[in-house]
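**Student:** Quick one: structure below, then a few questions.
The values are calculated or read from the model by the stated rules, or taken from the named source; none is laboratory data. Remember, it's a predicted structure, so these values are computed and weren't measured experimentally. Backbone-built Cβ (ideal geometry, glycine too); neighbour counts: all protein chains shown. Calculation scope for accessible area: heavy atoms of the full protein, side chains included, ligands and nucleic acids excluded. Shrake-Rupley method; radii C 1.70, N 1.55, O 1.52, S 1.80 Å.
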There are 2 protein chains.
Amino acid sequence: MNRTGTPTAPQEEWLRLDRQICFSLHAAARAFNGVYRVILKDLGLTYPQYLVMLVLWEHGDLPVKKLGEHLRLDSGTLSPLLKRLESAGLVRRERSARDERSVQVRLTEEGSALRERALQVPRRIAAATGFDIEEISALRSRLDELTIALDEAALSAAAP
Amino acid sequence: MNRTGTPTAPQEEWLRLDRQICFSLHAAARAFNGVYRVILKDLGLTYPQYLVMLVLWEHGDLPVKKLGEHLRLDSGTLSPLLKRLESAGLVRRERSARDERSVQVRLTEEGSALRERALQVPRRIAAATGFDIEEISALRSRLDELTIALDEAALSAAAP
DNA sequence: CACAATTAAATTGTGCACAACTAAATGGGG
DNA sequence: CCCCATTTAGTTGTGCACAATTTAATTGTG
């Protein structure tokens, strides 16, 4: 490799590197998932369900559409997930009166109350990473840059 | 926050930060997945299938167990995935003669040949990230550290 | 040798991600 | 005012991740 990032290594080498980076990200996401799984078991939440609850706790009641924008998830993922949160008694779903296409997701008493118990989660996760808050922030920034770049690339599709 | 990484922010603030880091990683993994999906469509592979093929191209034929160790995946995930790769004609699965519990995964001619077409994938992915090779390597190192720490934490389980 | 413990795959069941499609409500242009 | 494009949720089908269980082969130990 050289300082400009222009590939000089043979393609074989690139294939090996590709395995490393895509595998690393994949593995890290699953490792995170595993730690959350353990810690969230107490709360009866999965990791994606926890993400939904975090958004609702932060922003209050939201239509499914807005929830999906915050989380980059579509109704294909959210509809069944919200149905499970509803049968767990944490949210209610109500058709909006103003626009009958829209479904408002509302925290129940129980859903709001769960927030108190969730307050200890981030500390435990941070402890599990062994990273301090600045390292976490730095990594987060890198990942966000990456996500933005990748989303753009996915839009401009599959040109070689 | 302060320079030691000791939390001084209120728990409320931590909840917001937690949303950010776990969300960032989750989103980055899915964005990566999306770009691979587009690029791998040509090859008729999904992202996890591509990971399996990369390991086989690099290490040659392997038993399911070893494959799982390289990828941190168990037979619950690999068995159906390998079945799909087999019906796509890319691998064969054969019970080992020496140890009948073990199943050897072997590349077919077609599976080996696919490697040639895969050689262009990493360049296209790297282009999509917009990162140069050193940035990618640095990020990879960070993620690997994170994965190791998280795996350890998951083992020592759910102590508050 | 016999038998219990271990190991390797596969299977089953749950949940998430996403593409493709459907259904219903909305809103703007002729 | 009516029709049609758009918007919002939901549904269906495929594939992955993982826990729990099952089956079969192997290994270790008395």
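**Student:** Of the residues that sit in the stretch B:35-48 and are surrounded by fewer than 19 Cβ atoms within 10 Å (Cβ to Cβ) and away from DNA strand C (no atom under 12 Å from the Cβ), which one is modelled with the lowest pLDDT? Lay out the reasoning, then the answer.
**Tutor:** Initial filter on the stretch B:35-48 (surrounded by fewer than 19 Cβ atoms within 10 Å (Cβ to Cβ)): B:37-38, B:41-44, B:46-48.
Restricting the remaining residues to those that are away from DNA strand C (no atom under 12 Å from the Cβ) gives B:42-44.
Numbers: B:42: 91, B:43: 95, B:44: 96.
Here the residue is B:42.
**Student:** Okay, next question. Hey, among the residues in the stretch A:135-155 that are more than 7 Å from chain B (Cβ to nearest Cβ) and over 18 Å from residue B:126 (Cβ atoms), which one's least open to solvent (accessible area, probe 1.4 Å)?
**Tutor:** A:137
**Student:** Now, a different point. Looking only at residues that are within 14 Å of DNA strand C (Cβ to nearest atom) and among the acidic types (Asp, Glu) in the stretch A:95-114, which one is surrounded by the most Cβ atoms within 10 Å (Cβ to Cβ)?
**Tutor:** A:99
**Student:** Here is a check on your reading of the model: is residue B:122 open to solvent by less than 80 Å² (accessible area, probe 1.4 Å) and at the interface with chain A (Cβ under 8 Å from one of its Cβ atoms)?
**Tutor:** yes
**Student:** Still on this structure, please answer the following. Note down all Cβ pairs under 7 Å where the first residue falls in the stretch B:80-93 and is away from chain A (no Cβ under 14 Å) and charged (D, E, K, R), the second is assigned to a strand (DSSP E or B) and more than 9 Å from DNA strand C (Cβ to nearest atom), and they're at least six residues apart or on different chains.
**Tutor:** So the pair list comes out as B:86/B:92; B:92/B:106.
**Student:** Just one of (1) out of contact with any helix residue (DSSP H, G or I) (no Cβ under 6 Å at 6 or more places or on another chain); (2) under 19 Å from residue B:95 (Cα atoms); (3) crowded, with 19+ Cβ neighbours inside 10 Å trips up residue B:78, so point out which.
**Tutor:** (1)
**Student:** For the stretch B:46-88, what are the residues that are more than 11 Å from DNA strand D (Cβ to nearest atom) and not in a helix (DSSP H, G or I)?
**Tutor:** Selection gives B:60, B:61, B:62, B:63.
**Student:** For residues that are more than 12 Å from the chain's Cα centre (by Cα) and surrounded by 17 or more Cβ atoms within 10 Å (Cβ to Cβ), scanning just the stretch A:49-62, find the one that is nearest to the other protein chains (Cβ to nearest Cβ). Spell out the reasoning first.
**Tutor:** Narrowing the stretch A:49-62 to residues more than 12 Å from the chain's Cα centre (by Cα): A:56-62.
Now narrow it down to the ones that are surrounded by 17 or more Cβ atoms within 10 Å (Cβ to Cβ): A:56-57, A:62.
Numbers: A:56: 11, A:57: 7, A:62: 14 Å.
Checking each candidate, the answer is A:57.
**Student:** Quick one: how many residues across the stretch B:67-94 are over 26 Å from residue A:33 (Cβ atoms) and near DNA strand C (Cβ under 7 Å from one of its atoms)?
**Tutor:** So the answer is 1.
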